[in-house]
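The values are calculated or read from the model by the stated rules, or taken from the named source; none is laboratory data. Worth saying up front: this structure is predicted, and the values here are computed from it rather than measured. Cβ coordinates were reconstructed from backbone atoms using ideal geometry, including for glycine residues, and neighbour counts include every protein chain displayed.
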Amino acid sequence: MSLHQPVTGACVWRGTDYRDPADWVYTLSGEALADIDRAVRRVRDGGLSLDEVTPAVFDLPALAGDLRRMADILHRGRGFVRLQGIDRARYSDDELGIILWGLGSHLGVVVSQSQRGDRLGHVQDRGEVGRYYGIGGPIEVHMDPVDVTGLMCLTPAMEGGATPLMSSFAVHNAILAERPDLLEVLYRGFHYGSETVIKSDQPAVTGHRIPVFSFLTGEPDCFFLPAAIRGPNGEPREALPAIEQEAIACLQAVAGRPEMKIDMVIDPATVQFVNNRVLLHARADYRDWPQGDRKRHLLRMWLMMPDWPKRPPEVQMLRSTDRAGGGIAKAEA
C-alpha cells in the first residue's frame with residue numbers, strides 16, 4: 001500500500017455496510033458465561049489485584065477460539081468487536097471491571113491511561129477539563145494513542161451518548177476523491193503536545209510531525225488526536241495555518257457524515273474493543289440522570305498488541321510509556 005491512492009481491505013468500510021448488529025455483535029454462550037463467572041469468583045476469592053489477573057488466571061476455555069477470532073478481526077478485519085450477554089445485575093461494578101480486564105488480557109497488554117497510572121479508567125463527567133473521558137457532553141472525532149481501546153458500560157445516559165465509529169481509511173478515501181489538496185496536509189501531519197499526557201521531562205511539543213495517515217508499519221495506520229494538536233512552538237490548534245485548520249475540519253466533517261459512521265449505543269455490561277490504528281470514534285451529546293449516582297459511567301481499558309507491527313518513532317507521540325511500548329508513564333512522585 002502507498003499514499004495518494006485509495007486504500008482497500010477489510011478495515012475500509014462505511015456505516016451503511018454494518019447496519020445490522022447481527023453482523024458484528026457476538027452473543028456469549030452459556031458455557032462462556034459460566035467460564036466468566038468462575039473466573040470472576042477465582043479472582044475475587046483469591047484477593048487478586050487487577051495486575052495479577054492474567055489469561056491463565058482468567059481462564060476462558062469455552063471462549064478461547066472466539067477470542068482468537070476477535071483478535072484477528074481487530075487486527076486484520078473491520079477493527080471492532082462487541083460482546084453481549086453478561087448479566088449486569090449479577091455483578092458489582094468492581095466485578096465488571098474484573099471481567100473487562102480479564103477479557104482484555106486475552107487480547108493484549110493493559111497499559112496506563114494517565115499520569116496517575118490508572119490502567120482501568122472511568123469514563124464519567126467529573127469536570128476534568130482537558131481529558132476526554134473526564135468530561136460530559138459531545139467529544140470530537142479522534143482516536144486513542146494506543147493500539148486498542150476496550151469499553152464496558154456500567155450505567156447508560158438517560159438520553160443520548162452514542163459512540164460513533166468510523167473507518168479512518170474510508171474517510172481517507174473520501175478526502176482523496178474530494179479534496180486531495182487537504183490530504184497532502186494530513187499526510188504531513190501535526191505536532192502534538194499536552195501537559196496532561198506528557199511527563200515533565202519531555203518537550204512540550206513533539207519535535208516531529210506525526211502523519212494522520214501513513215503506512216510506515218507496512219499496514220494502514222491513522223493517528224489523529226485533535227485535542228493535543230499544537231503548532232511547532234506549542235501554539236494552540238486555533239493558531240495553526242488556515243490550510244491545516246481546514247484539513248482538520250474536513251476530516252471531522254467527512255467522518256461525521258451519516259453514511260460513514262455506526263452510532264454505537266453501548267448497553268449495560270456490553271463490551272466493545274476498537275482498533276485505534278484504523279478506526280476513529282467520537283461521542284454524541286447526552287443528558288445524565290438527575291440522580292448523582294446514576295451518571296453515565298463506562299469503564300475504559302487501553303491495550304497494546306505486542307504481535308502487531310511496532311510503530312516507528314515517526315508515529316509515536318509519547319517518549320515515556322507505561323509498558324509494551326505504549327500507555328502513559330506514571331508521573332514520578
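Specify the residue that is farthest from ALA255 (Cα to Cα); the eligible residues are those in the stretch 303-328 that are touching a helix residue (DSSP H, G or I) at 6+ places or on another chain (Cβ under 9 Å) and modelled with pLDDT of 95 or more.
The residue in question is ASP307.
Out of the stretch 71-109, which residues are part of a strand (DSSP E or B) and in contact with a helix residue (DSSP H, G or I) (Cβ under 6 Å, 6 or more places away or on another chain)? Full working, then the answer.
Kept after step one, since they are part of a strand (DSSP E or B), are these residues of the stretch 71-109: 80-84, 109.
The answer is VAL81, and nothing else.
Which condition does VAL274 not pass, out of (1) part of a strand (DSSP E or B); (2) farther than 28 Å from ARG319 by Cα, if it passes all the others?
For VAL274, the failing item is (2).
Is it true that GLY117 is modelled with pLDDT under 95 and either surrounded by 22 or more Cβ atoms within 10 Å (Cβ to Cβ) or among the small types (Gly, Ala, Ser) (or both)? Give the derivation first.
Details: modelled with pLDDT under 95: yes; either surrounded by 22 or more Cβ atoms within 10 Å (Cβ to Cβ) or among the small types (Gly, Ala, Ser) (or both): yes.
For GLY117, the condition - modelled with pLDDT under 95 and either surrounded by 22 or more Cβ atoms within 10 Å (Cβ to Cβ) or among the small types (Gly, Ala, Ser) (or both) - is met.
Outside the structural domain of VAL146 (by TED's automatic domain parsing), among the hydroxyl-bearing types (Ser, Thr, Tyr) and in a helix (DSSP H, G or I): is that true of THR8 in this structure?
Details: outside the structural domain of VAL146 (by TED's automatic domain parsing): yes; among the hydroxyl-bearing types (Ser, Thr, Tyr): yes; in a helix (DSSP H, G or I): no.
Against the criterion (outside the structural domain of VAL146 (by TED's automatic domain parsing), among the hydroxyl-bearing types (Ser, Thr, Tyr) and in a helix (DSSP H, G or I)), THR8 does not qualify.
Matching residues to (1) in contact with a His (Cβ under 9 Å, 6 or more places away or on another chain); (2) aliphatic (A, V, I, L, M); (3) buried (at least 22 other Cβ atoms within 10 Å of the Cβ):
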{"site": "VAL265", "(1), (2), (3)": "no, yes, no"}
{"site": "PRO268", "(1), (2), (3)": "no, no, no"}
{"site": "ASN275", "(1), (2), (3)": "yes, no, yes"}
{"site": "LEU280", "(1), (2), (3)": "yes, yes, yes"}
{"site": "GLN291", "(1), (2), (3)": "no, no, no"}
{"site": "HIS297", "(1), (2), (3)": "yes, no, no"}
{"site": "LYS310", "(1), (2), (3)": "no, no, no"}
{"site": "LEU318", "(1), (2), (3)": "no, yes, no"}
{"site": "ALA329", "(1), (2), (3)": "no, yes, no"}
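Within the stretch 226-263, how many residues turn out to be modelled with pLDDT under 95, assigned to a loop (DSSP other than H, G, I, E, B) and touching a strand residue (DSSP E or B) at 6+ places or on another chain (Cβ under 8 Å)?
Count: 3.
Please find, among ALA34, ALA64, ALA89, ALA39, the residue that is surrounded by 19 or more Cβ atoms within 10 Å (Cβ to Cβ) and more than 25 Å from MET143 (Cα to Cα). Step through it out loud before you land on a result.
Details: ALA34 fails: surrounded by 19 or more Cβ atoms within 10 Å (Cβ to Cβ); ALA64 fails: surrounded by 19 or more Cβ atoms within 10 Å (Cβ to Cβ); ALA89 fails: surrounded by 19 or more Cβ atoms within 10 Å (Cβ to Cβ).
The conditions single out ALA39.
Return the residues of the stretch 86-117 that are under 22 Å from ALA329 (Cα atoms) and among the aromatic types (Phe, Trp, Tyr); say none if nothing qualifies.
Within the stretch 86-117, TRP101 is the sole residue that qualifies.
Quick one: is LEU74 in contact (Cβ under 8 Å) with a residue 60 or more places away in the chain and under 12 Å from ALA269 (Cα atoms)? Let's see the steps before the verdict.
Values: in contact (Cβ under 8 Å) with a residue 60 or more places away in the chain: yes; under 12 Å from ALA269 (Cα atoms): no.
In short, no.
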